[in-house]
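Reading through the structure tokens given below for one structure.
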Amino acid sequence: MIDKPSTSAQAEHPFAPYLRILGKGKTGTRSLTQDEARIAFEMILTGAAEPLQIGAFLMLLRVKEETPEELAGFVQACRSCMIAAPAGLGADLDWSCYAGKKHQHPWFILSMLLLAEAGYRVFVHGSKGHTAGRLYAEDALRQLRLPVAASWADVATQLDTERLSYLPLQHFCQPLQALIELKPLLGLRSPVNTLSRLVNPLRAPASLQSVFHPAYARLHQQADQILGQPQAMVFKGESGEIEVKPQADTRVAMLNEQHRDDWVLPRSLSQRIDSVPAPATEPLRALWRGQATDTYALNAVLATTALALMTLAPDTTLETAQQRAWQLWENRNLARLS
């Protein structure tokens, strides 16, 4: 039950002006500037906004739809409020994993392994459990006995020794994780589902991101451009994860030193592919070790790896990246997933 408001005048809450900007009606509403978005989101992350205000803020943005400037401001707020990585800790590639797999096994993990074996330092971040019925990267990596960190110190060790490390969002920005967990309560995605993919906490020069809806790719691309991200690639991946769907044409949004480019990766399979009964990790181990064959899986792994290689080295042609991906697969360490 909501308490009856006091009859005495009360000072306006400091967060109220940001709600008024977003919710003043058809003619009075406008988007937040980048600075306004940064300040408002810093207030949310530091506990300076009330729960009622946070819900209203997220849903007003959901109805309006966020702008690139707002997203950039939100990312800046996250970077200023999160637990910072130690000086000198870096990665070559930032890989965000926030969707979870629903229809297919998490084949993208094998692409990560190929890149790590090629010598690239691959930093992965994400969250889990916010949508029922999905297999999340953290759980899949643990099942495969691949490196999952609990701190930046763990990340440093894992990147040095294995060139691959996954750090759950809760270990470096718990307030943002708490906002992601509001999805079942609010019933809708919010800007949090978008901005988390853009955080790039180690400021890796290359960033891979995936979207559920193709229209959001341009939003990611423009926000990355505002943030000064050197190289970034965005595409609609399987279940929203960074994994090419071989049975579909993939529209790719590429950012290279402030130059934006869109192009299409043609499908490599023509037939319709059925969903698996439940995503699992044992098929990954069997494919990697040569104990099973799966045309769909191999095409997904190779195509995803090729796009990652193009992000890491933007002057690489698609044909060269595809050849390099195949070479990495042919020369993989079969004992890695023993």
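The values are calculated or read from the model by the stated rules, or taken from the named source; none is laboratory data. This one's a predicted model, so the numbers in the text were calculated from it and none came from an experiment. Every residue, glycine as well, gets a Cβ built from its backbone with ideal geometry; the counts of neighbours run over all protein chains shown.
Quick one: which of GLY129, GLY119, GLY100 is assigned by TED's automatic domain parsing to the domain that holds PRO283, without any contact (Cβ under 8 Å) to a residue 60 or more places away in the chain, under 30 Å from PHE57 (Cα atoms) and not aromatic (Phe, Trp, Tyr)?
GLY129
One line per residue, one yes/no per condition, for (1) within 21 Å of ILE226 (Cα to Cα); (2) crowded, with 20+ Cβ neighbours inside 10 Å; (3) without any contact (Cβ under 8 Å) to a residue 24 or more places away in the chain; (4) touching a Phe, Trp or Tyr at 6+ places or on another chain (Cβ under 9 Å):
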site: THR161; (1), (2), (3), (4): no, no, yes, no
site: PRO168; (1), (2), (3), (4): no, yes, no, no
site: CYS173; (1), (2), (3), (4): no, yes, no, no
site: LEU179; (1), (2), (3), (4): no, yes, no, no
site: LYS183; (1), (2), (3), (4): no, no, no, no
site: THR194; (1), (2), (3), (4): yes, yes, no, yes
site: ARG197; (1), (2), (3), (4): yes, yes, no, yes
site: PRO201; (1), (2), (3), (4): yes, yes, no, yes
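Within the group GLN222, GLN209, which residue is surrounded by fewer than 23 Cβ atoms within 10 Å (Cβ to Cβ), of a type in the set (S, T, N, Q) and in contact with a strand residue (DSSP E or B) (Cβ under 9 Å, 6 or more places away or on another chain)?
GLN222
What's the total number of residues in segment 41-66 that are in contact (Cβ under 8 Å) with a residue 60 or more places away in the chain and on the phi < 0 side of the Ramachandran plot?
Residues that pass the stated criteria total 10.
State all residues of segment 298-321 that are assigned to a helix (DSSP H, G or I) and surrounded by fewer than 20 Cβ atoms within 10 Å (Cβ to Cβ); if no residue qualifies, say none.
Scanning segment 298-321 gives LEU298, ASN299, LEU318, GLU319, THR320.
Going by the conditions given, is LEU188 of a type in the set (A, V, I, L, M), on the phi < 0 side of the Ramachandran plot, surrounded by fewer than 17 Cβ atoms within 10 Å (Cβ to Cβ) and in contact (Cβ under 8 Å) with a residue 60 or more places away in the chain?
Judged against the criteria, LEU188 is a match.
Within segment 36-75, which residues are of a type in the set (D, E, K, R) and either out of contact with any His (no Cβ under 8 Å at 6 or more places or on another chain) or assigned to a helix (DSSP H, G or I) (or both)?
Scanning segment 36-75 gives GLU36, ARG38, GLU42, ARG62, LYS64, GLU65, GLU66, GLU69, GLU70.
If a residue must be surrounded by fewer than 21 Cβ atoms within 10 Å (Cβ to Cβ) and either basic (Lys, Arg) or closer than 28 Å to TRP152 by Cβ (or both), how many such residues does segment 63-75 contain?
Total satisfying the criteria: 1.
State all residues of segment 132-152 that are over 25 Å from PRO279 (Cα atoms) and touching a residue at least 40 places away in the same chain (Cβ under 8 Å); if no residue qualifies, say none.
Selection gives TRP152 alone.
Of the residues that sit in segment 81-108 and are part of a loop (DSSP other than H, G, I, E, B) and of a type in the set (Phe, Trp, Tyr), which one is modelled with the highest pLDDT?
TRP107
Looking at segment 23-40, I want the residues that are in the same structural domain as PRO68 (by TED's automatic domain parsing) and without any contact (Cβ under 8 Å) to a residue 40 or more places away in the chain and have a partner that is part of a loop (DSSP other than H, G, I, E, B) and surrounded by 14 or more Cβ atoms within 10 Å (Cβ to Cβ) with Cβ atoms under 6 Å, at least 6 apart or on another chain. Which pairs are those?
Short answer, once both residue conditions are applied: SER31/THR67.
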